[in-house]
Amino acid sequence: MRMGRSLLRLALALPLVTAAVGATIHRGQIDLAMLDAWLGSLGLWAPVGYVALYALATIAFVPGVLLSLTGGALFGPLWGTIWNLIGATVGATLAFLAARYIAGEWVTRKAGGLLKRLIDGVDAEGWRFVAFVRLVPLFPFNLSNYALGLTHIPLHHYVIATLICMVPGAVAYTWLGHAGREALAGETDAVRYGLLALGLLASIALLPRLIKRLRGSFAWIEATELKRRLGRGEAVTVVDVRGPDEFIGPLGHIATARNIPVAELESRLAELAGRERASLVLVCRTDKRSATAARLLREAGFAKVAVLRSGMEQWNTEGLPVEAATDGT
């Protein structure tokens with residue numbers, strides 16, 4: 001086991017060292033003509049060489065926008081988008097694994113407050129938060145790759161969410177890079193390509209407001225994730241907002257849950273005093289009443305509020321333990 005872990009660390013360290021040396025030599029500058037010539041010398045292996053270069057540059061904190069523009073200029077809008085996505089995903093995955101297995105302390109120091117926000121977000125929403133990070137450019141791409149490695153998200157969830165949700169940005173910047181090269185060559189279609197790319201970038205700029213509205217002012221949590229957090233003994237307060245009859249009814253209730261019906265929640269906020277910064281998870285039969293309760297709590301100043309997705313119905317479907325008798329809490 002130790003030998004395997006050592007080999008994994010060595011395998012991750014090699015691209016990190018390579019990327020660091022390369023970044024030092026080239027100082028983040030990309031000579032398009034020289035790169036084009038180098039890729040041309042690789043023949044059919046040119047896409048592989050470019051993907052490897054993109055991945056190493058991502059590890060070395062070279063701006064992803066610069067790389068995506070380059071891919072569009074070199075390979076065109078279609079293949080440029082594909083190679084950019086693969087290169088960015090491979091680089092993001094290597095950074096994620098490096099943080100998780102060999103560079104945790106360095107990432108913690110480097111990320112600072114960003115790390116806490118990412119950990120809180122992933123704990124509350126899992127892969128959905130990673131999707132949000134990729135769709136909405138509020139977090140620095142290269143640093144968040146490392147910081148996400150210190151969260152509890154499974155690797156495959158991270159990779160899939162990263163690959164899929166980087167598509168809009170990759171398409172936009174690749175088309176813009178292609179348009180720039182076409183303009184330099186005097187092609188009349190360059191203006192059309194550029195306008196398409198800028199239109200997509202404008203749409204991406206509106207995503208924060210749209211996604212915030214869709215996500216609401218609270219987070220979501222899956223039944224299995226809540227069970228895992230409770231099993232680890234985390235400081236999570238579960239508030240069941242169903243009526244008392246439902247609380248002890250056929251679906252039962254989560255063992256540690258406090259029963260405060262949604263209709264009484266506003267008048268019983270004092271029972272949650274001192275938990276404004278604690279993690280609260282709201283539960284009902286599905287998730288309609290708990291979503292209403294979550295908005296109320298957010299307006300009352302509670303910072304970390306999550307809703308159990310599909311409520312006790314999903315909890316029971318997953319076969320998770322319930323209690324059918326109230327204990328007076």
Filter the stretch 272-295 for residues that are part of a helix (DSSP H, G or I) and modelled with pLDDT under 85; the one that is most open to solvent (accessible area, probe 1.4 Å) is Arg295
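Of all residues in the stretch 138-166 being outside any helix (DSSP H, G or I) and touching a helix residue (DSSP H, G or I) at 6+ places or on another chain (Cβ under 7 Å), which is modelled with the lowest pLDDT? It would help to see each step written out before you state the result.
Kept after step one, since they are outside any helix (DSSP H, G or I), are these residues of the stretch 138-166: 138-140, 149-154, 166.
Keeping just the survivors that are touching a helix residue (DSSP H, G or I) at 6+ places or on another chain (Cβ under 7 Å) gives 138-139, 149-153, 166.
Details: Leu138: 63, Phe139: 70, Gly149: 88, Leu150: 87, Thr151: 85, His152: 84, Ile153: 88, Met166: 88.
So, considering only residues that are outside any helix (DSSP H, G or I) and touching a helix residue (DSSP H, G or I) at 6+ places or on another chain (Cβ under 7 Å), the one modelled with the lowest pLDDT is Leu138.
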Log entry, pairs with first residue in the stretch 292-319 being free of Cβ contacts under 8 Å to residues at least 60 places away in the same chain and under 17 Å from His253 (Cβ atoms), second being of a type in the set (Val, Ile, Thr) and open to solvent by less than 60 Å² (accessible area, probe 1.4 Å), beta carbons closer than 7 Å, six or more apart or on different chains, reads Ala293/Val241; Ala293/Val262; Gly311/Val283; Gly311/Thr286
Matching residues in the stretch 70-119 (under 18 Å from the mean Cα position of the chain (by Cα) and in contact (Cβ under 8 Å) with a residue 60 or more places away in the chain) number 9
In the set Ala37, Ala111, the lone residue that is of a type outside the set (S, T, N, Q) and surrounded by fewer than 19 Cβ atoms within 10 Å (Cβ to Cβ) is Ala37
Of the residues in the stretch 114-128 that are crowded, with 21+ Cβ neighbours inside 10 Å and at pLDDT below 75, the one that is farthest from Arg309 (Cα to Cα) is Asp123
Scanning the stretch 156-177 residue by residue, the ones that are open to solvent by less than 50 Å² (accessible area, probe 1.4 Å), touching a residue at least 60 places away in the same chain (Cβ under 8 Å) and farther than 15 Å from Gly80 by Cβ total 3
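The values are calculated or read from the model by the stated rules, or taken from the named source; none is laboratory data. Treat the numbers as computed from the prediction; the structure is a model and nothing was measured. No Cβ is skipped: glycine too gets one built from the backbone with ideal geometry, and neighbour counts run over all protein chains shown. Only protein heavy atoms, including side chains, enter the accessible area calculation; ligands, DNA and RNA are left aside. Shrake-Rupley method; radii C 1.70, N 1.55, O 1.52, S 1.80 Å.
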